[in-house]
Amino acid sequence: MSDDSINAEFVLTVPAEAKEMWSFLMLHAGRCAKEGNPLHVLIQQEQADAYAYQRNAYFGYILRPIAEQVRVNGMLHSVQSWHHYYAEKFLPLTEIALPNGQIITRRQSIAKGHISAKAMAKLSLETSADAATEFGVVFPERQQ
């Protein structure tokens, strides 16, 4: 991926923001398509549930390279171990009321229906940034 790649995110709360998005698309879509790098546009509600592809990317494109490259005290650790490590580090705590009245605290889950697309994207970004800076992980370029 080149340094001049185009990335944009728009949150549409008023018509002027939709016009800004449309202007951006009109400015870049044709040129990018002609260059063989068409824009990928995904439209979703702000609090939409995380998509299966986000979870798959988190485990396959982010956690797998970490598990394959990082040795802690000379040992490699599983994808699941790294998931728990980063969930502990980056996901917020949530309180759950049990039927007996007891309140317990757990980490937010990334299971379907438990994390928004925005929160999943944030977790993926924080995890990959931390792994790259703290452990020197190099992530492979994703194939479209």
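The values are calculated or read from the model by the stated rules, or taken from the named source; none is laboratory data. This one's a predicted model, so the numbers in the text were calculated from it and none came from an experiment. Quick reminder, even Gly has a Cβ in these numbers, built from the backbone with ideal geometry, and neighbours come from all protein chains shown. Note: accessible area is taken over every heavy atom of the protein model, side chains too, but ligands, DNA and RNA are not part of it. Shrake-Rupley method; radii C 1.70, N 1.55, O 1.52, S 1.80 Å.
Within region 104-125, the residues that satisfy the criterion of being aliphatic (A, V, I, L, M) and modelled with pLDDT of 85 or more are I104, A119, M120, A121, L123, L125.
Listed by first and then second residue, the pairs linking a residue in region 6-29 that is of a type in the set (F, W, Y) to a residue that is part of a loop (DSSP other than H, G, I, E, B) and open to solvent by less than 100 Å² (accessible area, probe 1.4 Å), with Cβ atoms under 8 Å apart and 6 or more places separating them unless they lie on different chains, are F24/A8; F24/F10.
Can you confirm whether R55 is at pLDDT 85 or above and surrounded by 14 or more Cβ atoms within 10 Å (Cβ to Cβ)? Answer is yes for this residue.
Screening F59 on (1) in contact with a Phe, Trp or Tyr (Cβ under 8 Å, 6 or more places away or on another chain); (2) farther than 26 Å from M21 by Cβ shows it passes everything except condition (1).
Conditions (1) in a helix (DSSP H, G or I); (2) basic (K, R); (3) within 22 Å of F10 (Cβ to Cβ); (4) modelled with pLDDT of 85 or more, marked per residue:
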site: A33; (1), (2), (3), (4): yes, no, yes, yes
site: N37; (1), (2), (3), (4): no, no, yes, yes
site: H40; (1), (2), (3), (4): no, no, yes, no
site: V137; (1), (2), (3), (4): no, no, no, yes
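Taking H114 as the residue in question, decide whether it is part of a loop (DSSP other than H, G, I, E, B), of a type outside the set (S, T, N, Q) and surrounded by 10 or more Cβ atoms within 10 Å (Cβ to Cβ). Yes, satisfied. Restricting attention to region 73-103 and to residues that are at pLDDT 90 or above and part of a strand (DSSP E or B), the residue that is surrounded by the fewest Cβ atoms within 10 Å (Cβ to Cβ) turns out to be M75. Restricting the first member to region 107-125 and to residues that are under 20 Å from Y61 (Cβ atoms), and the second to residues that are among the hydrophobic types (A, V, I, L, M, F, W, C) and open to solvent by 50 Å² or more (accessible area, probe 1.4 Å), the beta-carbon pairs closer than 8 Å and six or more apart or on different chains are K112/A52; K122/F90; L123/F90.
Among the residues of region 117-144, those that are polar (S, T, N, Q) and open to solvent by less than 90 Å² (accessible area, probe 1.4 Å) comprise S124, T127, S128. With respect to (1) in contact with a helix residue (DSSP H, G or I) (Cβ under 8 Å, 6 or more places away or on another chain); (2) closer than 25 Å to A129 by Cα; (3) surrounded by 10 or more Cβ atoms within 10 Å (Cβ to Cβ), the lone exception for V11 is condition (3).
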